[in-house]
Amino acid sequence: MSQTMVSRLSDRAGLETSRPLLDAMASAVYTTDRNGIITYFNPAAVTLWGREPELGVTQWCGSFVMRHLDGTPLAHEDCPMAVCVKTGEPVCNQEILVERLDGARRHVRISPRPIRDGAGQMVGAINTVDDITEQRQSERDRDTSNQLTQSILRNSKDCIKLLDLDGTLRSINPCGCSSLELSSQEDALGMNYFDFWQPVDREAAIAAAQSARQTGSGRFTADFVNNSGKLTTWDEMLSLINDAEGTPTGYLVISRDITADLRKAREKTRQLAQQKALTEIGALALAEGSFQAFMDKTIARVAEVLEVPLAKILPFADQADHLLLAAGVGWKEGLIGKARVGVGLESQAGYTLSVEGPVVVSDLQAETRFNGPPLLHDHGVRGGMSVTIAGTTSRPFGVIGVHDTRLREFDEGQVAFLQTVANLIASCHRQHESAKQQTLLVREIAHRSGNMLQVVTSIFNQTVRNSESLTEAKGKFEQRLGQMSKSNLLISKNGWTKCSVRDLVAHTLELFQGRFDVSGRDVVLSADLCFDLGLVLHELATNSSKYGAFAGDDGKVSLHWRIETHADKPEFVLTWSDGKRQPVSPVPSTGFGAKLIHQLVESKWRGKVTTEMEPSFSCRLSLPLPSS
């Protein structure tokens, strides 16, 4: 019997007739008289209340306690049944809580209606009570689930979309709107998902959708470029959506931005590749073989690991006026071993030598620190980085550089890798130079021992011949012999191969520290020439200590050297300038020191000595050099 049928019972006789049906109802049903005294209740009501009320005594309701939905008490005399009896009006679908003796609460929906006799007079009321506890709990659970779903959609870092079968977008979460640079979801609706992708990736998206139609899911990875030009990489998962009958209606698409993950993975792979390359280069540095072969293999490995089309190693030329492209990858044919790069601040390599630390260039065309040499511009270089390679002395060995024809950013890890390679090159160079020096030194000692005794004897004889007493001769000879010892020691350190002019000047004029200024590139000369040049500098310093700037307390000497070219032949030119001269001094060209200078420079090395007395003494030495 329906609730409507029960509520329209017109008299008690009809109620009695309907009792079997009421007893069989799953909903709780009870009746009262016109005063609200319970006159009937069915078994379902007993189950709901957890007790049997006393017929003819219990008023309004058989519940132990009634409460509003917020949990506050509801008095029996104010319950829906009481309202119905008191007003004679039905109360439709009012929800309250009923509480049993054991404290259990049930959520019920109550619909009391008046019972009237044939004359229309109210003789009582009938109440149908539906236990909707599970229904409301299910609704609350569903609401909670919906709220959770909305929260997930709202806060998810994934882009979540619902599509029609043709790819038309019908729902998208905030992350998706942000990725598409849309202000609201409404702006996205109606767009086609497959049109988001570039042609190649669009084909992959369509294939994934076809896979979802066949197997239930499809997946692909693609790059997405937003309106601002930002490139990101996405992992796309498509799942087929079916209706209740199993008919496909669309797709659920979950898109995840994997740009950072891919970057981390690539970084890890790159680090492993760099570590492996450093191990290989370190092994090459320890292996036997020529230094040139080591440079060739090393620069090829560097270009491979850093993924650059151009790479180079530029050692310093002896004259220190240029760097030579000794080894490289990607340069035009015929340049390796011949191309030169300037050491001035106009080139990247020259600038690198002038600063501490690496030099990184993201766009050579926009660079303001230097212009870049023709070698780079001729090869369309845009980005790159370079590092100084340390030498065996204070003078650097040269520069290692890598370059790209694209705009390129190099991170700290790549810079550190190149610096480490530079250190390995420097170490290998020192080892090769040391081995070469040892071999040459042994050979030179055997060759020079006789010659050295002849030189010492000659200097001794001429010193005695040009001295007025043995005491004077002894002092001069000891000074000259000491200078020979200094020069010999300095040059022997390098295995009697080459020597830095800057280091030679510092050793020779050590006693006059702070009294001389030097300028000139860090040129290296042959060992024999440096040895003789050390004797020449000693004689010039001796002369200055007697008659020139070194004779006073505040005088200074200036030394400047450079490489000049005359008739396509290079010359090393050194100028000694005294900043002060004593009023009375002999012309410094008649003693043994002057003769020694002329003999060494002009007779032995086919050079030229030029002296000037005004306004102060200066001496210009020109020494031919072998062509590089």
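The values are calculated or read from the model by the stated rules, or taken from the named source; none is laboratory data. Fair warning: this is a prediction, and the values are worked out from it, not measured in the lab. When we count neighbours, we look across all protein chains shown, and the Cβ atoms used for this are built from the backbone with ideal geometry, even at glycine. Side chains included, ligands, DNA and RNA excluded: accessible areas come from the protein's heavy atoms. Shrake-Rupley method; radii C 1.70, N 1.55, O 1.52, S 1.80 Å.
Observations on the structure shown:
- The set of residues from region 310-354 being modelled with pLDDT under 90 and part of a loop (DSSP other than H, G, I, E, B) comprises 317, 318, 319, 320, 321, 343, 344, 345, 346, 347.
- Qualifying residue in region 37-50 (condition: in a loop (DSSP other than H, G, I, E, B), within 19 Å of residue 102 (Cβ to Cβ) and open to solvent by 30 Å² or more (accessible area, probe 1.4 Å)): yes
- Test result for residue 355, within 28 Å of residue 430 (Cα to Cα), free of Cβ contacts under 8 Å to residues at least 40 places away in the same chain and open to solvent by less than 40 Å² (accessible area, probe 1.4 Å): no
- Restricting the search to helices (runs of 4 or more DSSP H) fully inside region 96-203 and requiring at least 2 residues that are touching a strand residue (DSSP E or B) at 6+ places or on another chain (Cβ under 7 Å) and open to solvent by 30 Å² or more (accessible area, probe 1.4 Å) gives 133-155.
- Residue in region 379-386 that is of a type in the set (Lys, Arg) and open to solvent by less than 40 Å² (accessible area, probe 1.4 Å) present: no
- For region 597-628, the tally of residues that are hydroxyl-bearing (Ser, Thr, Tyr) and either open to solvent by less than 70 Å² (accessible area, probe 1.4 Å) or closer than 26 Å to residue 579 by Cα (or both) stands at 5.
- The residues of region 216-234 that are under 17 Å from residue 180 (Cβ atoms) and out of contact with any Phe, Trp or Tyr (no Cβ under 7 Å at 6 or more places or on another chain), listed by number, are 223, 225, 226, 227, 228, 229, 230, 231, 233.
- Exclusive hit being under 53 Å from the mean Cα position of the chain (by Cα), among the hydroxyl-bearing types (Ser, Thr, Tyr) and modelled with pLDDT under 85, set 526, 558, 545: 526
- Residues located in region 182-210, provided they are touching a Leu at 6+ places or on another chain (Cβ under 8 Å), of a type outside the set (A, V, I, L, M, F, W, C) and without any contact (Cβ under 8 Å) to a residue 24 or more places away in the chain: 190
- Flag if residue 262 is touching a strand residue (DSSP E or B) at 6+ places or on another chain (Cβ under 8 Å), within 21 Å of residue 175 (Cα to Cα) and assigned to a strand (DSSP E or B): no
- Selection status of residue 211, among the hydroxyl-bearing types (Ser, Thr, Tyr), open to solvent by 50 Å² or more (accessible area, probe 1.4 Å) and out of contact with any helix residue (DSSP H, G or I) (no Cβ under 9 Å at 6 or more places or on another chain): no
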